[in-house]
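*Asks:* Shown below is the structure under consideration.
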Amino acid sequence: MIAMYMSFIDSEDDREKFEIIYHEYRKRMVSVAYSILHNNEDAEDAVHDTFIRIAKNMKAIDDPRSKKTSAYVITAAKNNAINIFNKNKRAGEHIFTGDIGNLTDERFFEKMSLTESYKEIVNAVELLNETYRDVMYYHFVCDMKIKDIADLLGEKPSAVQQKLIRGKKKLLEILDNDLRD
């Protein structure tokens with residue numbers, strides 16, 4: 001697959017950088033996409049689209065191992081996954097893992113409830129200011145530690161901790177207002 005991506009890149013230096021990016025971040029990108037989509041095929045599609053975009057824009061990347069590059073590729077994968085999630089949602093698809101035919105009625109309704117709650121939470125998170133949204137996404141969806149998020153964003157851990165606290169408060173306010181409506 002990497003050969004196909006390389007066909008979009010002219011410069012040998014850019015090809016070397018892309019290869020580093022591919023091997024360094026691919027697993028994490030798939031994990032991030034899967035955490036949003038809960039479907040292996042869709043997660044792979046999101047990462048595939050992301051790599052095509054990265055390959056076409058290699059001039060924008062200086063150091064493939066920098067925090068800036070890491071943030072860029074992970075955020076790009078996240079955004080592609082969100083786009084696929086929203087497209088599936090608009091198409092009326094419900095994303096389930098496993099074989100629906102083998103689910104008991106009780107387990108089916110449990111999954112439906114979880115899916116609806118997940119969608120409500122995702123929609124509420126999308127309403128947050130970008131500052132809080134990204135920190136909460138990295139912490140809760142990507143399961144990153146505060147120090148790692150701080151390193152990724154180039155901020156102090158105390159600033160990330162404060163954004164997490166404020167983001168949680170704002171998310172609860174949004175969800176509480178939705179319940180009242």
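The values are calculated or read from the model by the stated rules, or taken from the named source; none is laboratory data. Keep in mind that this is a model prediction, so the values were computed, not measured. Here Cβ is always computed from backbone atoms with ideal geometry, including for glycine, and neighbour counts include all displayed protein chains. Calculation scope for accessible area: heavy atoms of the full protein, side chains included, ligands and nucleic acids excluded. Shrake-Rupley method; radii C 1.70, N 1.55, O 1.52, S 1.80 Å.
*Asks:* In the stretch 158-169, which residues are of a type in the set (Lys, Arg) and closer than 14 Å to Phe140 by Cβ?
*Replies:* Within the stretch 158-169, Lys163, Lys168 meet the criteria.
*Asks:* Ok, one more. Restricting to helices (runs of 4 or more DSSP H) lying wholly in the stretch 65-181: which have 1 or more residues that are modelled with pLDDT under 75, of a type outside the set (A, V, I, L, M, F, W, C) and surrounded by 12 or more Cβ atoms within 10 Å (Cβ to Cβ)?
*Replies:* Working: elements: 67-90, 105-127, 130-136, 146-153, 157-180.
By residue number, 67-90, 105-127, 157-180.
*Asks:* Name the single residue that is modelled with the highest pLDDT among those in the stretch 36-60 being of a type in the set (Lys, Arg) and over 18 Å from Glu24 (Cα atoms).
*Replies:* Lys56
*Asks:* Of all the residues that make up the stretch 37-47, how many are open to solvent by 10 Å² or more (accessible area, probe 1.4 Å) and touching a residue at least 12 places away in the same chain (Cβ under 8 Å)?
*Replies:* Count: 5.
*Asks:* Turning to a different aspect of this structure: Somewhere in the stretch 23-36, is a residue farther than 19 Å from Met144 by Cβ and surrounded by 14 or more Cβ atoms within 10 Å (Cβ to Cβ)?
*Replies:* There is no residue in the stretch 23-36 that is farther than 19 Å from Met144 by Cβ and surrounded by 14 or more Cβ atoms within 10 Å (Cβ to Cβ).
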